[in-house]
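Visitor: Structure in C-alpha cells, see below.
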Amino acid sequence: GRGLASLRVIDPAFISVFGMLSRSRSLICPFRVVRRYQLSRLHCVFSRRFTSDLFSPTEEHTSLRNSLRKWVKSDVEDQALLFNKEEKFNQSLFKKCAELGLLGITAEEKYGGSELDAVAAVIANEEISYSDPGFCLSYLAHSTLFVNNLSQNGSSAQKEKYLPSACSGDTIGGMCMSESETGTDALAMTMTAVREDESKGGNWILNGGKMWITNGCVSDDQPGDVFLVYARTGAKDQQRDAISQFIVESSFKGFSLGFKIKDKCGMRSSPTAGLVFDECIVPAENLVGEIGKAHRCMMQNLEIERLVLAAMSLGIARRCIDEMNQYATDRLSFGRPLRDHGQIQRHLSESYAEYMAARTYVYHAALHTDLNEPGHRLDTDGSKLVAGPMAKRVADRAMQVLGGNGYVGEFVVERLWRDSKLLEIGGGTNEALQMNITKELKSIEKLE
Amino acid sequence: MSLKVLVGCKRVIDYAVKIRVRPDKLGVVTEGVKHSMNPFDEIAVEEAIRLREAKKAKEVVVVSCGIAQAKETLRTALAMGADRAILVELSPKEYEIMTPAHVSKILAAVAKMEGSDLIILGKQAIDDDCNATAQMTAAHLDWPQATSASKVEVTDAGLTVTREVDGGLEVITTQLPAVVSADLRLNEPRYATLPNIMKAKKKKMTTLSLSDVGVELKEHQTVVSVEEPPVRSAGIKVKDVDSLIAALKQAGRI
C-alpha cells in the first residue's frame, strides 16, 4: 500500500561524470568557441547518460534536486510563515544546509565545498525558494555572494582561512556593495579604503557605510561574521572603477552593525542591515586580488548572482502555480470548479507558459555559464530580467485565483507575492539589467 | 560483534506518482515514470548504516535484483553511506517475470558468496506488496527470520527484535545469522548529503548475472490482467438511524 505519508525518500546519487561537470580549468579561451567546446564535452556526457533534460542535465543534478525537494518539504516548509512573521533568521536551518553540503556548493572541495557548477547552484536556489524565498536569500548571499566570490578571487591563504568555516556553517557571510546613496550606480560608491604607512602596519583603513546587506546581521543586534566589501581605492576624480575588494570580519576594529532593516515588505526571514565602517582597520593580507581591479571580480560574480536570483523567482513561480492549480480544482463557483471558468484558465495557462519560458532561459544560461570566467552577462542578466517580473506576475495571478484566501498568510501565496517583488530590485534592478543588456547588444551586429 | 550486513534494495515507481494502467492491461506504465528506492528498503539501508556507526557491523553491502537502471537505486544507497553495491542484472523480459520466489534465491546465493551475517530487507515493495521475500530468503538459507521489525538490537546472543504484529508489539530473540525485514517505524532514513553523494562515486559497484549466482529464472505465474480499482460510487444520505439500518439491510450488509 501507499500509506507512507511522512517517509523521507532518497533519490539516485551521482555518477562519475562528476569530473565532466566540475569547472573545467583547462579551457581558457576568450572567444565564444569555449562555450561550444564545453557544451560538446557535456554532450558526450549527455549522449551516454542523458537521463533527464535541460533542468537536470545529469543524474547528479537529478539527485540533488530530488534530495532537496524532500528536505525542503520536511524541514523548510513548516518554519517559513513563522520566521516571516517575526522577521527572524533561522540559524539552525542554516546549519542544516551545511550538513547537506549546500553552503559551499560551488567552492573547491579542498576547502570544504562541493565544487559543483552553475546549474547545481540554480537548482538549489530554485528548490529552497519553493518554500521559503526569504531564507533562500540569506543562503544565496552566503553561498554565492560570499563563498563563491572568495573561492573565485581569493588567494590560497585567504581561502584557507575563511572558506572552511563558511562551508561548515560556523561563520555566516555576506557581501557589501550597495550604499544608501548608490545602488544601480555601483561604481559611484563612496566608501574609501586608504592604506596606512608600512611603519604603522600597512593596514587598510575603510570609511563609509554599506546598506541593504543580507546577513549583515543575524538577529536584531548580532552582526554577521565576515564580509566581502567593495571600497574605492582610487581618488574620486580618477578612474571611476578603481574599486578594491576586502575581507572584513565583524570583529575588526571600526566595524559595527548600524541597524537591522525592519518592516521589509518581503524576504522577511532574511536579515538585512546597514553596516558602518568607521576607521575600520583591515589587515593588508585581506585585500582580495589586485588594488583597483575589483571591478572584474564584481562583474564576474554578478553573473552567477543574477542566475541564482532568477532561480529564486522560478521557485516562487512554481509554488504559486502549484497552489493556484490545486485551488482551481478544489474551489467551486457557480456550481463548477474554478478552472472551468475562462478567466481562471487564462491566469493558470499564462502563468504556466511564462514560467516554463523563463525556466528554460535560466537553465540554458546556467548551462552556458562558466563559473571560472566572465563573459555571459547578456544571458545571466537577461534571465533575471525575464524571471523576476514573471514571478511577480505569477504570484499576483495566484493571489487573484485564490481570492480572499490568497490574501491570508496560511495560504502561502501572499508571502510569495511580497517576496517576489524583491527580485525586481535586489542583485540588479530591472533598470540595471536593461542597461547592461543594451550595452552587450551594441557589439552584436546580428543575433544567432 | 562485527557483522557483515547485506541489504536488499528494489527500484520501484516513486510513491508520489499517480499510477496508470498500461493500454494492454498487463501492467502499469513505467516508461518515463519517476522511480526511486522502495521506502521500506531505505529504512533497511538506514538501519544497517546505523549498526555500522554503532560499531556492531563492519560492512554494509547493498544488493538489487533488477534491470540496469537499478544502479541509480544502488547509488542512492551508497550516497546514504553503504560501503559497496552489487547489481544482479536482469533483462527487461526477465524482470517482468521476477517474483519474490526468484529474488529470495538470488539473495540467498549472494549472502553465501559474501559470507553475510545479517540480511536486512524492506518488509514489502510498494509495487507488489508481497511481503514474502524476507521470509523465503530465510527459508532458503535455513536462517531464523524477524519480520516487520520496528526495533533491532544486536546482543551477544544474537538479535532482539521488536515486531509489529496485528495484536501490538512482539519481542523475539534470534541467533545469528538471521534475516530481518524492516517496518515503517524502525527508523527515519537520512538524506543523501552532497559530501556523501560525492564519496559515493568512488565506492565499488559490481554487476553479476543470473549465472554468476547460479539461479535460473523460470516463470511461475502469468499476469492475466491489471485494472484500475472500480470508481467509487456516490453514497446516499439518510435522515436517521432507523433509515440507516433499513438501508444497510436492503444492501445485504447486515
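Visitor: Summing -39500 (n - 2.57) over the DSSP H runs of n ≥ 4 in chain B and dividing by its residue number, what mean residue ellipticity at 222 nm do you reach, to the nearest 500 deg cm²/dmol?
Guide: -8500 deg cm²/dmol
Visitor: Please work out the C-alpha center-to-center distance from segment B:3-50 to segment A:69-117 and express it in whole Å.
Guide: So the separation of the two Cα centres works out to 28 Å.
Visitor: Which part of segment B:1-28 falls in the paramagnetic zone of B:Thr160, meaning amide N under 14 Å from the point 7 Å along Cα-to-beta-carbon?
Guide: Those under the cut-off are none; the list is empty.
Visitor: If Lys and Arg each add +1 and Asp and Glu each add -1, what is the summed charge of the other residues whose beta carbon sits under 15 Å from the beta carbon of A:Ala166?
Guide: -4
Visitor: So if I restrict to the alpha-carbon atoms in the protein assembly as shown, what is the Rg, and what is Dmax, the biggest pairwise distance, in Å?
Guide: 28.8, 104
Visitor: From the square roots a ≥ b ≥ c of the eigenvalues of the alpha-carbon gyration tensor of segment A:174-292, which class results: rounded (a/c under 1.5), prolate (a/b over b/c), or oblate?
Guide: It comes out oblate by the Cα gyration axes.
Visitor: Would you pull out the residues with amide H under 5 Å of A:Lys88's amide H, same chain only if 5 or more places away, H placed 1.01 Å from N?
Guide: So A:Lys88 has HN proximity to no qualifying residue.
Visitor: Counting other C-beta atoms within 10 Å, which of A:Tyr355, B:Tyr95 has the fewest, and how do the rest follow?
Guide: B:Tyr95, A:Tyr355
Visitor: Before anything else, pin down the relative contact order of segment A:261-366: Cα pairs under 8 Å, at least 6 apart, normalised by residue count, whole percent.
Guide: 22 percent.
Visitor: Report the semi-axes of the equivalent ellipsoid for chain B in whole Å, largest first, where each axis is √(5λ) for an eigenvalue λ of the Cα gyration tensor.
Guide: For chain B, the semi-axes come out at 36, 24, 19 Å.
Visitor: Let me ask something else about it. Taking R0 as 30 Å, what FRET efficiency do you get between B:Ala54 and B:Asn131 from their Cβ-Cβ distance, rounded to the nearest 0.05?
Guide: For B:Ala54 and B:Asn131, the calculated efficiency is 0.65.
Visitor: Same structure again: Running a GNM on chain A with Cα contacts under 10 Å, which residue among A:Lys85, A:Lys260, A:Lys95 ends up with the highest mean-square fluctuation?
Guide: The residue that fluctuates most here is A:Lys85.
Visitor: Among A:Lys392, A:Lys442, B:Lys199, which comes first, second and so on when ranked by fewest other beta-carbon atoms within 10 Å?
Guide: A:Lys442, B:Lys199, A:Lys392
Visitor: Suppose only helical runs count, i.e. DSSP H with n ≥ 4. What mean residue ellipticity at 222 nm does that imply for chain A under -39500 (n - 2.57) per run, divided by all residues and rounded to the nearest 500 deg cm²/dmol?
Guide: -14500 deg cm²/dmol
Visitor: Please give the average number of partner chain Cβ atoms lying within 10 Å of the Cβ of each residue in A:67-77, rounded to a whole number.
Guide: Shielding by partners across A:67-77 averages 2.
Visitor: Taking θ = phi - 60°, what integer Hz values does the Karplus form 6.51 cos²θ - 1.76 cosθ + 1.60 yield along segment A:365-371, in sequence order, with x for Gly and Pro?
Guide: Per residue, the Karplus-derived 3J(HN,Hα) values read 5, 5, 4, 8, 8, 8, 5 Hz.
Visitor: Note the direction-averaged projected area, equal to a quarter of the hull surface, for the Cα convex hull of segment A:129-172, in nm².
Guide: Mean shadow area of the hull around the Cα atoms is 3.1 nm².
Visitor: Using a cut-off of 14 Å between alpha-carbon atoms, which aspartates and glutamates can reach B:Lys71, once sequence neighbours fewer than 8 places away in the same chain are excluded?
Guide: In chain and number order, the partners are A:Asp11, A:Glu59, A:Glu60, B:Glu89.
Visitor: Take the alpha carbon atoms of segment A:370-448, find their center, do the same for segment A:195-229, and report the distance between the two centers in whole angstrom.
Guide: 30 Å
Visitor: Using a cut-off of 16 Å between alpha-carbon atoms, which aspartates and glutamates can reach A:Lys200, once sequence neighbours fewer than 8 places away in the same chain are excluded?
Guide: A:Glu279, A:Glu285
Visitor: Pick out, from A:Ala317, A:Pro271, A:Cys136, the residue whose Cα sits farthest towards the positive end of the charge dipole of the protein assembly as shown, with +1 on the Cβ of Lys and Arg and -1 on the Cβ of Asp and Glu.
Guide: Value computed over the given set: A:Ala317.
Visitor: Okay, next question. What are the semi-axes of the equivalent ellipsoid of segment A:395-448, taken as the square roots of 5 times the eigenvalues of the Cα gyration tensor, listed largest first and rounded to whole Å?
Guide: Values for segment A:395-448, descending: 36, 13, 6 Å.
Visitor: For segment B:144-250, restrict the atom set to alpha-carbon positions and state the Rg and Dmax in Å.
Guide: So, for segment B:144-250, Rg and Dmax equal 24.9, 70 Å respectively.
Visitor: Here is a follow-up. Ordered by residue, what ³J(HN,Hα) values in Hz, to whole numbers, does segment A:428-445 give under the Karplus form 6.51 cos²θ - 1.76 cosθ + 1.60, where θ = phi - 60° and Gly and Pro are x?
Guide: Listing the rounded values in order: x, 5, 3, 5, 4, 5, 4, 4, 5, 4, 4, 4, 5, 5, 4, 8, 10, 6 Hz.
Visitor: Now, a different point. Can you give the local net charge around A:Lys264? Use residues other than it whose beta-carbon is closer than 9 angstrom to its beta-carbon, Lys and Arg +1, Asp and Glu -1.
Guide: Neighbour charge sum, excluding A:Lys264 itself: +1.
Visitor: Right, something else. Can you give me the C-alpha center-to-center distance between segment A:259-297 and segment A:148-193, rounded to a whole angstrom?
Guide: Value for the Cα centre distance between the two parts: 7 Å.
Visitor: So for the pair B:Ile172, A:Arg296, with labels modelled 7 Å out along Cα→Cβ, what separation do we get in nm?
Guide: Each label point lies 7 Å from its Cα, and together they span 7.1 nm.
Visitor: Taking chain B as a Gaussian network, Cα atoms linked when under 10 Å apart, which of B:Thr160, B:Thr30, B:Thr173 shows the biggest mean-square fluctuation?
Guide: Most flexible of the set in this elastic network: B:Thr30.
Visitor: Once you mark the GluC sites (Glu not before Pro) that are in a DSSP loop and have at most 10 other Cβ atoms within 10 Å, what is the longest gap between them in chain B?
Guide: That would be B:32-215.
Visitor: Using θ = phi - 60° and the Karplus form 6.51 cos²θ - 1.76 cosθ + 1.60, what ³J(HN,Hα) does each residue of segment A:297-307 get, whole Hz, x for Gly and Pro?
Guide: 4, 4, 5, 5, 6, 4, 5, 5, 4, 5, 5
Visitor: To make sure I understand, if each residue's beta carbon is the centre and we count other beta carbons within 10 Å, what order do A:Arg69, B:Arg253 fall in, fewest to most?
Guide: Listed from fewest to most nearby Cβ atoms, that is B:Arg253, A:Arg69.
Visitor: For peptide B:78-90, how many partner chain Cβ atoms fall within 10 Å of a residue's Cβ, on average?
Guide: Taking the mean over all residues of the peptide, I get 1.
Visitor: What net charge do the residues around A:Arg331 carry, taking every other residue with its C-beta under 12 Å from that of A:Arg331, with Lys and Arg at +1 and Asp and Glu at -1?
Guide: -1
Visitor: Which of the GluC sites (Glu not before Pro) across segment A:189-289 are loop residues per DSSP, with 14 or fewer other Cβ within 10 Å?
Guide: Here the GluC sites (Glu not before Pro) that fit, given the DSSP loop and packing criteria, are A:Glu196.
FYI, it's all coordinate maths here, none of it is from the lab. As the structure is a prediction and not an experimental result, all values here were calculated from the model. We place every Cβ from the backbone using ideal geometry, glycine too, and count neighbours over all the protein chains shown.
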